[in-house]
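Chemist: Can you keep this structure in mind? I'll have questions shortly.
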Amino acid sequence: MRTVDFHCDALSKMWEDPKASFVDDRHLDVTLQRMEEGDLALQVFAVFLSEKYGRPSFERVLAQIDTYRSRIVKPGHLKPLLWQEQVQEIRESYHSRFGVLSLEGVDGLEGNLHYVKLCYDLGVRFMGITWNYANWAADGALEQRNGGFTERGRQLVELCNSTGIILDVSHLSQAGFWELTELTQRPILASHSNAYSVCKHPRNLSDEQIRALIALDGMIGITFVPWFIRSDADRVKPEDILPHIEKICELGGEKHMMFGSDFDGIDQWIAGLEHPGKYPDFQELLLKHYPESMVKGWMSDYALRFLEQNLPWAPSKEK
């Protein structure tokens with residue numbers, strides 16, 4: 001059963017370590033070898049600019065995109081996913097594996113909207129507006145004032161809608177989330193967030209937010225961050241993910257679920273679910289509780305449907 005994973009931080013770790021090999025580096029959770037072991041058809045790679053390296057800059061955004069283009073998507077590794085029509089190849093080919101770029105926070109765009117189009121041209125297809133705190137566009141989920149969008153941020157939303165970049169609400173403040181549901185003209189997603197009513201972490205989504213994402217025909221990526229799954233994170237097992245799945249199904253989101261592991265973005269793992277090579281074991285767990293068609297939908301079908309409907313057409317196919 002093929003899998004799609006909508007969030008990992010392997011790219012930023014590879015940028016930090018120029019010697020890290022995407023093929024099989026033991027310091028990475030996500031590698032080509034482990035994607036093959038887990039039969040990952042598609043992995044979303046986040047451009048994440050840690051503040052430990054100073055103020056986020058567009059130069060560092062470009063540096064990570066260059067890392068992706070030169071060390072991850074190349075012959076013998078992954079193919080870059082850019083266009084709607086490529087999704088059919090993902091469905092039909094059992095040997096090709098794909099990668100796609102996202103931004104985890106627009107801090108590094110420095111408020112310059114011209115950089116948005118440049119990122120799109122370089123392969124970015126998803127854009128998280130914030131990380132956990134405020135930036136020039138909006139407030140993040142941990143910003144105490146819980147503000148919404150700035151005027152420049154609202155212009156960013158409009159530009160992403162017209163360009164074809166899909167907006168990601170994981171890390172966005174509550175006020176920003178609700179403002180975005182009014183501003184956006186296209187479906188949005190939460191790449192790596194769980195259900196707040198199951199685990200009360202501020203990065204998780206309330207029942208009302210989950211319903212709103214479903215109403216917008218968006219997607220929710222269940223994440224494997226232990227402290228987003230249970231408050232006593234030291235005791236998390238793969239079975240503890242099931243209540244989050246149940247809650248989203250209960251709210252009408254059965255066909256709006258996928259997975260966004262956050263591999264390489266965490267330093268504590270669920271025992272038995274530490275890297276992509278463990279996805280087959282996780283599928284076996286899900287199959288004990290749900291029909292195969294439902295599990296197949298969550299592992300890849302619903303995410304691929306979303307991409308087929310919302311990625312841009314290649315320029316030659318534009319109508």
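Chemist: At 222 nm, what helix-only mean residue ellipticity would the chain give, in deg cm²/dmol to the nearest 500, using -39500 (n - 2.57) for each DSSP H run of four or more?
Modeler: Value at 222 nm, helices only: -9500 deg cm²/dmol.
Chemist: Could you identify which residue out of SER206, SER193, SER170 has the top mean-square fluctuation in a GNM of the chain using Cα springs shorter than 10 Å?
Modeler: Top of the fluctuation ranking is SER206.
Chemist: Taking 10 °C and 1.306 mPa s as the conditions, I'd like the Stokes-Einstein D for segment 142-246 in µm²/s, using the Kirkwood hydrodynamic radius from alpha carbon pairs.
Modeler: Result for D is 110 µm²/s.
Chemist: On to the next question. Efficiency by 1/(1 + (r/R0)^6): what FRET value for SER50 and SER70, r their Cβ-Cβ distance, R0 = 22 Å, to the nearest 0.05?
Modeler: Once rounded, the FRET efficiency stands at 0.60.
Chemist: Per the 1.4 Å probe, what fraction of the accessible area of segment 174-251, in percent, lies on carbon and sulfur atoms?
Modeler: Accessible surface attributable to carbon and sulfur in segment 174-251 totals 49 percent.
Chemist: Sticking with this one: Given the Cα atoms of segment 213-298, and with Rh set as the inverse mean 1/r over their pairs in the Kirkwood sense, what is Rg to Rh to two decimals?
Modeler: Radius of gyration over Kirkwood radius for segment 213-298 works out to 0.95.
Chemist: Restricting the count to DSSP beta bridges whose residues both fall in the chain, what percent are antiparallel, rounded to a multiple of 5?
Modeler: The antiparallel proportion sits near 10 percent.
Chemist: Using a 1.4 angstrom probe on heavy atoms only, work out the carbon and sulfur share of the accessible area of segment 253-319 in %.
Modeler: For segment 253-319, the apolar C and S fraction of the accessible surface comes to 49 percent.
Chemist: Could I ask something else about it? Ordered by residue, what ³J(HN,Hα) values in Hz, to whole numbers, does segment 254-262 give under the Karplus form 6.51 cos²θ - 1.76 cosθ + 1.60, where θ = phi - 60° and Gly and Pro are x?
Modeler: Along segment 254-262, the couplings run 3, 9, 10, 10, 8, 10, x, 4, 6 Hz.
Chemist: Return the distance in nm (one decimal) between the two label points of a simple spin-label model at THR181 and TRP313, each offset 7 Å from Cα along Cα→Cβ.
Modeler: The modelled label-to-label distance comes out at 3.2 nm.
Chemist: Run the simple label-point estimate for GLU16 and SER197 please: 7 Å along Cα→C-beta, distance reported in nm.
Modeler: The modelled label-to-label distance comes out at 3.7 nm.
Chemist: Still on this structure: Please calculate the 1.4 Å probe accessible area of HIS289, with all protein chains present, and give it to the nearest 10 Å².
Modeler: 100
Chemist: Here is a follow-up. Taking a probe of 1.4 Å, how large is the accessible area per residue of the chain, in Å²?
Modeler: Per-residue accessible area for the chain comes out at 41 Å².
Chemist: Using only the alpha carbons, work out the radius of gyration and Dmax of segment 261-319 in angstrom.
Modeler: 16.0, 48
Chemist: Can I ask one more? Taking 30 Å as the cut-off for C-alpha to C-alpha distance, list the pairs among LYS117/LYS296; LYS19/LYS200; LYS74/LYS200; LYS13/LYS288; LYS52/LYS117; LYS74/LYS296 that go past it.
Modeler: Distance filter (> 30 Å) returns LYS117/LYS296; LYS19/LYS200; LYS74/LYS200; LYS13/LYS288.
Chemist: Probe 1.4 Å, all protein chains in place: accessible area of ASP234 in Å², nearest 10?
Modeler: Surface open to solvent at ASP234 totals about 140 Å².
Chemist: Is the shape of segment 7-117 best called rounded, prolate or oblate, per the rule: a/c under 1.5 gives rounded, else a/b larger than b/c gives prolate, else oblate, with a ≥ b ≥ c the square roots of the Cα gyration tensor eigenvalues?
Modeler: Cα axes put segment 7-117 in the oblate bin.
Chemist: Which value, in Å² rounded to 10, gives the accessible area of LEU167 with a 1.4 Å probe and all protein chains present?
Modeler: 0
Chemist: What share of the DSSP beta bridges in segment 101-233 is antiparallel, in percent to the nearest 5?
Modeler: If we restrict to bridges inside segment 101-233, about 15 percent are antiparallel.
Chemist: Restricting the calculation to Cα positions, tell me the Rg (one decimal) and the Dmax (whole number) of the chain in Å.
Modeler: When restricted to the Cα atoms of the chain, Rg and Dmax are 18.0, 52 Å.
Chemist: Rounded to two decimals, what ratio of Rg to Rh does segment 1-49 give with C-alpha atoms and a Kirkwood Rh?
Modeler: 0.97
Chemist: I've got another one for you. Given points 7 Å out from each Cα along the Cα-Cβ axis, report the HIS289 to ASP232 separation in nanometres with one decimal.
Modeler: 1.8
Chemist: Could you calculate the FRET efficiency of ARG154 with ALA215 from 1/(1 + (r/R0)^6), where r is the beta carbon distance between them and R0 is 30 Å, rounded to 0.05?
Modeler: E(calc), rounded to 0.05, equals 0.90.
Chemist: Just to confirm the filter: which trypsin sites (Lys or Arg not before Pro) across segment 165-250 are DSSP coil and have at most 16 other Cβ within 10 angstrom of their Cβ?
Modeler: LYS200
Chemist: Given a 1.4 Å probe and every protein chain left where it sits, what share in percent of the accessible area of segment 77-152 is carbon and sulfur?
Modeler: For segment 77-152, the apolar C and S fraction of the accessible surface comes to 51 percent.
The values are calculated or read from the model by the stated rules, or taken from the named source; none is laboratory data. As the structure is a computational prediction, the values presented were derived from the model and not from experiment. Heads up, the Cβs are rebuilt from the backbone with ideal geometry, glycines too, and the neighbour counts pull from every protein chain shown. Areas reflect the complete protein model, heavy atoms only, side chains present, ligands, DNA and RNA absent. Shrake-Rupley method; radii C 1.70, N 1.55, O 1.52, S 1.80 Å.
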